[in-house]
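S.K.: Below is the structure I would like to discuss, written out as structure tokens.
The values are calculated or read from the model by the stated rules, or taken from the named source; none is laboratory data. Quantities reported herein were computed from a predicted structural model and do not represent experimental measurements. Here Cβ is always computed from backbone atoms with ideal geometry, including for glycine, and neighbour counts include all displayed protein chains.
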Amino acid sequence: MAYILNIETSTKNCSVSIAKNGEILAIKELNNGQYSHAEVLHPFIQDILVEANIKMNKIDAVAVSKGPGSYTGLRIGVSAAKGFCFAFNKPLISIDTLTSLSYSISIKEGFIVPMIDARRMEVYSCVFNNKHQKERVIKAEIIDDNSFNAYLSENKVYFLGDGSQKCKEIITHKNAVFVDDKYPSAKEMAILSYEKYKKSDIEDVAYFEPFYLKDFIVIPEKKKKPLF
């Protein structure tokens, strides 16, 4: 029997859950269009511990969404997860964000393309088959009208995630299906983290870092012109 705390902060959806053997006992999430993770993450964790009637020292492992995604969001989630692991001497499990997102839908045939917004017309994306197995590596890519044509010419392709919404007017192939209101969530993480726990597939807490995929770029502020 394993109790696992799952933490997902890679996008604007701040989501946490506690699962027993992969089944959700308590979950809490907020997607208000802003990155409010720093304010709500720890209160959410306290709330679900109370709801599940379990203390933190009884948790068997902590799982965190490793990315790709928001640089700041990932830092907040990973820092919290590592803090719990150090404080309570628990193993750390990392979950690929796009894999987790792909599990938010089920299809009989075709492909699943989860997308996370990477600003402008760029997205982080991956391609999965109907069994949620990777057909293509994760990429940071700029979307144009030829994107994913190799898959669209074969079968239906289901695009989901916050990065997919800006692609609707560009990817207009008849086999393109856009699934709205899907975000990475601690709900889908539950079964994935439990499978990793059973195999002792854990991270080195001291050295683990999020999977950013791209370097973080600080945009300098524009210098104000003198008034006189």
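S.K.: Filter the stretch 12-30 for residues that are closer than 15 Å to Ala61 by Cβ, of a type outside the set (D, E, K, R) and either surrounded by fewer than 20 Cβ atoms within 10 Å (Cβ to Cβ) or at pLDDT below 95 (or both) and give the result.
M.R.: Asn21, Gly22, Leu25 - these are the residues of the stretch 12-30 that are closer than 15 Å to Ala61 by Cβ, of a type outside the set (D, E, K, R) and either surrounded by fewer than 20 Cβ atoms within 10 Å (Cβ to Cβ) or at pLDDT below 95 (or both).
S.K.: So if I check each of Ile191, Ile138, which one is β-branched (Val, Ile, Thr), under 28 Å from Val64 (Cβ atoms), assigned to a helix (DSSP H, G or I) and touching a residue at least 24 places away in the same chain (Cβ under 8 Å)?
M.R.: Answer to the check: Ile191.
S.K.: I would also like to ask the following. Please determine whether any residue of the stretch 126-144 is among the aliphatic types (A, V, I, L, M), farther than 20 Å from Thr97 by Cβ and surrounded by fewer than 14 Cβ atoms within 10 Å (Cβ to Cβ).
M.R.: Checking the stretch 126-144: not a single residue is among the aliphatic types (A, V, I, L, M), farther than 20 Å from Thr97 by Cβ and surrounded by fewer than 14 Cβ atoms within 10 Å (Cβ to Cβ).
S.K.: Continuing with the same structure: Considering only the stretch 31-48, I want to know if a residue exists there that is surrounded by fewer than 20 Cβ atoms within 10 Å (Cβ to Cβ) and among the acidic types (Asp, Glu).
M.R.: Yes, the stretch 31-48 contains a residue that is surrounded by fewer than 20 Cβ atoms within 10 Å (Cβ to Cβ) and among the acidic types (Asp, Glu).
S.K.: Part of a loop (DSSP other than H, G, I, E, B), at pLDDT 95 or above and closer than 23 Å to Thr11 by Cβ - does that describe any residue in the stretch 109-130?
M.R.: no
S.K.: Moving to a separate point now. Of everything in the stretch 73-89 that's hydrophobic (A, V, I, L, M, F, W, C) and closer than 13 Å to Leu41 by Cβ, which residue is surrounded by the most Cβ atoms within 10 Å (Cβ to Cβ)?
M.R.: The residue in question is Ala81.
S.K.: Every residue in the stretch 196-218 that is surrounded by fewer than 12 Cβ atoms within 10 Å (Cβ to Cβ) and over 30 Å from Asn146 (Cα atoms), please.
M.R.: If the condition is that a residue be surrounded by fewer than 12 Cβ atoms within 10 Å (Cβ to Cβ) and over 30 Å from Asn146 (Cα atoms), then Lys198, Lys199, Ser200, Asp204, Ala206, Tyr207, Val218 are the ones that fit.
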